[in-house]
Amino acid sequence: MCSVLFLQFISLRMKPASWPSNISMLAVACFYIYLTAVQKIHADEFPQNQRVPFSLPNLMSRDSLLDQAYNSGPPPLSFDYHNYDAMTAYLRAVNGVYPNLTALYSVGKSVNGKDLWVMVVSFSPYKHVLGVPNVKYVANMHGNEAVGRELMLHLIQYLVTEYPRDSYVRFLLDNTRIHIMPSMNPDGFEVAKEGVCEGGQGRYNARGYDLNRNFPDYFKQNTVRPQPETEFVKQWISKIQFVLSGNLHGGALVASYPFDNTPNSLFHSLTSTASLTPDDDVFKHLATVYASNNKRMFQGRPCKGQSGFKNGITNGAKWYPLIGGMQDYNYVSHGCMEITLEISCCKYPPASDLPRYWQENKESLLKFLGEAHRGVRGFVLDVNGEPVEGAFMKIKDRDVGFRTTRHGEFWRIILPGRHILQVRADNYEPEEIEVIIAEDRPTHVNITLGRLSRRHQNLGPPPPPSVMFPQNPDNQPASNPFGSFSNFNKFVSNVFG
Ligand SMILES: [Zn+2]
């Protein structure tokens, strides 16, 4: 569009003396058009109703990327809390300076109409690249847990500025698409108060719902009325196959991993028994990667009035069970390994403490993202080399599965050793493949599925795999918003992050 304008401009044969001012006007107009367009990213993986067609900037070569990153200064980012307008302005500014390393999109709007912004930081911010894993951080889903929100802005700043200088950051951005949502509850943040370490003011969305109790639950029917913020996040994670995720909270100092809920929450809450997933070794490892790079978290010393956590990690239900949490939903319904990161004893500490929190969490945030490059990945194809979409996959003896994308891609984080990968898809012969996982790199596997013979097809599709998926994840009936909460859960939701 800008090039068309430019050609028209040249064809006008303006007087040379007027060129500089006209060129700058043209540049301002193009920049404005660009900024307006990037508010809603165009990409085939985003929700249909979010699509706004616009011209993508041409992807530059890697050398040009480096030149750009070297030569441009980042927008200023102070260690202060950024309200919605300031956060939005920063995200737009960083996207303006680094248009080839970042993309800004909104997954939808909060109850009060604030965008749920996501910034992608990657060598290919606008387009999914075949085989490249998508990872995410979501912060501030409890609006008064504010540290994570600010750390996400500093993480974005760090990634774009260190890209040319730091080989690990460059590896991450060249091989991963990192999606960062600084605030899942922008309405709650606006009514929370700086310096208030405890309590619930700002925790809930504008209708008074706790968003981390608002997801479909594997163990119990969640009867809480679905909220817009939750619905948009569910839509988001159903469109993009995220491999790894961190959900940042405050009010404690621990990395907590699934399950958050249990078949018998009363028993677990009384006995502090863990509710373990079949991938407990992986989750313990992921939580340990985060905690062990955060000195205070790893020491496991308790926050005031709480118990400590050995090595800074815990199973969610062992700490306290809850219904409708986001991490269980990510794991069971979408095959995404999500853990919950409680990064500050004080939920909304004074801004003067933010530099310390950034220093404490910087390594953890970076190292955790690298875990997306552990395990097995590849493609499931048919005999003609066409992708098999939605194939059920699982690691043998781990009955929580995952599925292939529409390009037939899959990723699964598993620890080093021998594993059996199982694949099933309607009208195809099931397959089992042994994979050997190394410590220092992902194992690539392509799996070809043969069609079932006609005789077998007449007998119907293969039996459903013994994989855990919610019975009816997206059709939860609406009813009394707090009807399914036990008193214990109500209590702990106010006390903990
Ligand atoms: Zn929280």
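The values are calculated or read from the model by the stated rules, or taken from the named source; none is laboratory data. Because the structure is a prediction, the values reported are computed rather than measured. All Cβ positions, even for glycine, are placed from backbone atoms using ideal geometry, and neighbour counts span all protein chains on display.
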Number of positions in segment 387-412 that are assigned to a loop (DSSP other than H, G, I, E, B) and farther than 19 Å from VAL129 by Cβ: 9
Residue count for segment 210-230, restricted to those that are part of a loop (DSSP other than H, G, I, E, B) and out of contact with any Phe, Trp or Tyr (no Cβ under 9 Å at 6 or more places or on another chain): 4
Total residues in segment 203-253, condition more than 22 Å from VAL191 (Cβ to Cβ), polar (S, T, N, Q) and within 16 Å of the ligand (Cβ to nearest atom): 1
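Does any residue of segment 352-363 turn out to be within 16 Å of the ligand (Cβ to nearest atom), touching a Pro at 6+ places or on another chain (Cβ under 9 Å) and touching a residue at least 24 places away in the same chain (Cβ under 8 Å)?
Yes, there is a match, as at least one residue in segment 352-363 is within 16 Å of the ligand (Cβ to nearest atom), touching a Pro at 6+ places or on another chain (Cβ under 9 Å) and touching a residue at least 24 places away in the same chain (Cβ under 8 Å).
Of TYR329, TYR348, which residue is under 23 Å from the mean Cα position of the chain (by Cα), part of a loop (DSSP other than H, G, I, E, B), within 16 Å of the ligand (Cβ to nearest atom) and surrounded by 21 or more Cβ atoms within 10 Å (Cβ to Cβ)?
TYR348
It is to be established whether one or more residues within segment 262-275 are within 16 Å of the ligand (Cβ to nearest atom), in the same structural domain as ILE313 (by TED's automatic domain parsing) and touching a residue at least 24 places away in the same chain (Cβ under 8 Å).
Looking only at segment 262-275, we keep the residues that are within 16 Å of the ligand (Cβ to nearest atom), and these are none.
Checked against the condition, which is being within 16 Å of the ligand (Cβ to nearest atom), in the same structural domain as ILE313 (by TED's automatic domain parsing) and touching a residue at least 24 places away in the same chain (Cβ under 8 Å), segment 262-275 yields no hits at all.
Yes/no matrix, rows are residues, columns are (1) surrounded by fewer than 24 Cβ atoms within 10 Å (Cβ to Cβ); (2) among the charged types (D, E, K, R); (3) more than 15 Å from the ligand (Cβ to nearest atom):
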{"site": "TYR126", "(1), (2), (3)": "yes, no, yes"}
{"site": "VAL135", "(1), (2), (3)": "no, no, yes"}
{"site": "VAL138", "(1), (2), (3)": "no, no, no"}
{"site": "VAL147", "(1), (2), (3)": "no, no, no"}
{"site": "ILE156", "(1), (2), (3)": "no, no, yes"}
{"site": "ARG165", "(1), (2), (3)": "yes, yes, yes"}
Members of segment 172-187 found to be assigned to a loop (DSSP other than H, G, I, E, B) and either in contact with a Phe, Trp or Tyr (Cβ under 8 Å, 6 or more places away or on another chain) or more than 15 Å from GLN241 (Cα to Cα) (or both), listed by number: PRO182, SER183, MET184, ASN185
Enumerated strands (runs of 3 or more DSSP E) restricted to segment 79-141, each holding at least 2 residues that are touching a helix residue (DSSP H, G or I) at 6+ places or on another chain (Cβ under 7 Å), within 22 Å of ARG406 (Cβ to Cβ) and not assigned by TED's automatic domain parsing to the domain that holds LEU155: none
Close pairs from segment 143-159: first of a type outside the set (A, V, I, L, M), partner in a helix (DSSP H, G or I) and modelled with pLDDT of 95 or more, Cβ under 6 Å, at least 6 apart: GLY143/GLY188; GLY143/PHE189; GLU150/LEU354; HIS154/TRP358
Which numbered condition ALA274 misses (of (1) at pLDDT 95 or above; (2) surrounded by fewer than 24 Cβ atoms within 10 Å (Cβ to Cβ); (3) touching a helix residue (DSSP H, G or I) at 6+ places or on another chain (Cβ under 9 Å); (4) in a loop (DSSP other than H, G, I, E, B)): (1)
Segment 379-397 residues that are closer than 14 Å to TYR428 by Cβ and surrounded by fewer than 20 Cβ atoms within 10 Å (Cβ to Cβ), paired with ones that are among the acidic types (Asp, Glu) and modelled with pLDDT of 95 or more (beta carbon under 8 Å, 6 or more apart): PRO387/GLU409
Test: residue in segment 109-116 that is at pLDDT 95 or above, within 20 Å of the chain's Cα centre (by Cα) and surrounded by fewer than 17 Cβ atoms within 10 Å (Cβ to Cβ): yes
